[in-house]
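The values are calculated or read from the model by the stated rules, or taken from the named source; none is laboratory data. Note that this is a predicted model, so its numbers are computed, not measured. So basically every Cβ, Gly included, is an ideal-geometry build from the backbone, and we count neighbours across all protein chains shown. We work out accessible area using only protein heavy atoms, side chains counted, and drop any ligands, DNA or RNA first. Shrake-Rupley method; radii C 1.70, N 1.55, O 1.52, S 1.80 Å.
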Amino acid sequence: MVKYILKQYKTILNKLKYIDSWFWCRYTLNPYVGCYHACIYCDARSKKYYLHPDFEKTIYVKKNAPIMLDKRLSRARTLLSDVVAIGGVTDSYQPAEKKFKNTRNILKVLSKHKFPVILSTKSDLVLRDLDIFSNIAETTWCTIGFTITTFNEDLVKFLEPRASPPEKRLEAITQIKKEYPKIQVGTNFIPIIPLLEDSPENMEEIVRRTKEAGADFILFGAGMTLRDAQAKFFLEKLQQAFPNLLEEFKSLYRTGTQAWPSWTSRINKHVFQLCKKYNIGFRLKRFIPHDFRKENYKIAQHLLNKAYINQILGKSWKKMHWAGMNIQNLKESIIVIAARNGLKAIKNVTDDIITEIKPFLKTRDLTQFLT
């Protein structure tokens, strides 16, 4: 029996120190605390999120969440419109949403204030709100990602016992793309769980069927995070269902909370090649604002995308990654900074990074920015 409790929270919108380089979000928001889907690999079980241990049995509904958000966005003088990621540690379209409609009403507020949105889910209930998602896509930017990591029915029941069937999620991708082409939609192949989902057949099926569904992208990530309470919970479930895999699985995590680097590299390279084979994007097209951040975000997108590919291919990537992260955090246009010869003052922006971004700057008349 699942229990729903209305609870008043002090805040509703979280601003990240650095924009997320995968989902391009500046802000995060969760309409609920706890998740009925009960996915056994969910990182939200770890202590870092400070959630109650029975979060799949007791769901806290954030009371007055849409009203709080509207006030927050209406009163904020320095809060620039940027991507809000909805549902990072809970599924915004779990069954509670049918009754309480927190997610729908939050989307209405974000649409009103013209904030772009990215939402990840395992539920086809998202189709109910395509009218709002479409409006957000028309006015700013909107992305929906459906988590799909296997189509094996027995494995799905083990890993995601209460979520919508992956087939329904795939059908939702096709419907959204057909009816609302401006919504960016695709698959989150995250996490690829070692020994359960890393077979060549499973990985290719996910990529192939995502492409066939008409998706814009497939985001992928080898391995799951294995820490404290979440590790204990998952390993207990694994031992019950697949006792023969337990020791090999633990061996892959012998160095800490992340899977063995050589395994991670091999799996990511394999999916990367599959994306190229099926000609499907493995990075999101990001939201580009029309204020001073425009060139910053374009340049950061280029650097971060290239750094991501370099990381997969085993090449040097960290300096380029952090140059991109710092550029998209600038408080003024990089064009202004370039005009006063100040690019090297940006952390991690060295001569080779400047050479990399010159094509984005040379078409602009920098003298007009000099004061």
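Table for the structure above
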item	result
For segment 1-44 versus segment 141-159, the gap between their alpha-carbon centres in whole angstrom	18
Sulfur and carbon atoms: percent of accessible area, the chain [1.4 Å]	51
13 Å beta-carbon shell around Y60, net charge (K/R +1, D/E -1)	+3
Accessible-area ranking of R26, R266, largest first, probe 1.4 Å	R266, R26
Whole-number accessible area per residue in Å² for the chain, which is evaluated in the context of all protein chains at 1.4 Å	48
Accessible surface, 1.4 Å probe, highest first, among residues T174, T90	T174, T90
³J(HN,Hα), Karplus 6.51/-1.76/1.60, whole Hz, each residue of segment 251-261, x for Gly, Pro	5, 5, 10, 5, 9, x, 8, 10, 5, 3, x
Beta bridges by DSSP in the chain, antiparallel share as percent, to the nearest 5	10
Per-residue SASA entry for S164, accessible area with 1.4 Å probe, Å² rounded to 10	20
Solvent exposure ordering (accessible area, 1.4 Å, most first) of H37, H52	H52, H37
Computed [θ] at 222 nm, deg cm²/dmol, the chain (DSSP H ≥ 4; -39,500 (n - 2.57); rounded to nearest 500)	-12500 deg cm²/dmol
Taking the chain and dividing mean pair separation by its residue count, relative contact order in percent (alpha carbons under 8 Å, at least six apart)	14
Nearest-10 value in Å² for the accessible area of M68, using the 1.4 Å probe	40
Chymotrypsin sites (Phe, Trp or Tyr not before Pro) lying in DSSP loop within segment 5-37, provided at most 12 other Cβ fall within 10 Å	Y18
Point-charge dipole on Cβ atoms (K/R +1, D/E -1) for the chain, about Cα centre, debye to 20	1480
Share antiparallel - DSSP beta bridges, segment 1-96, percent rounded to 5	30
Linear extension gain, R75 paired with T174, 0.36 nm per residue minus alpha-carbon span	31.8 nm
Entries in K99/K211; K114/K358; K168/K306; K15/K112; K306/K358 that, when Cα-Cα distance is taken, lie over 24 Å	K99/K211; K114/K358; K168/K306
Segment F242-W260, extension gain: residue separation times 0.36 nm, minus the distance between their alpha carbons	4.5 nm
Neighbour cut-off at most 11 other Cβ (10 Å), DSSP loop, trypsin sites (Lys or Arg not before Pro), segment 42-82	R77
With DNA, RNA and ligands ignored, accessible area of I190 (1.4 Å probe; Å², nearest 10)	50
In segment 270-329, the trypsin sites (Lys or Arg not before Pro) that fall in loop regions by DSSP, at most 14 other Cβ within 10 Å	K285, K315
Choice from L196, L304, L125 with maximal GNM fluctuation in the chain (Cα, 10 Å cutoff)	L196
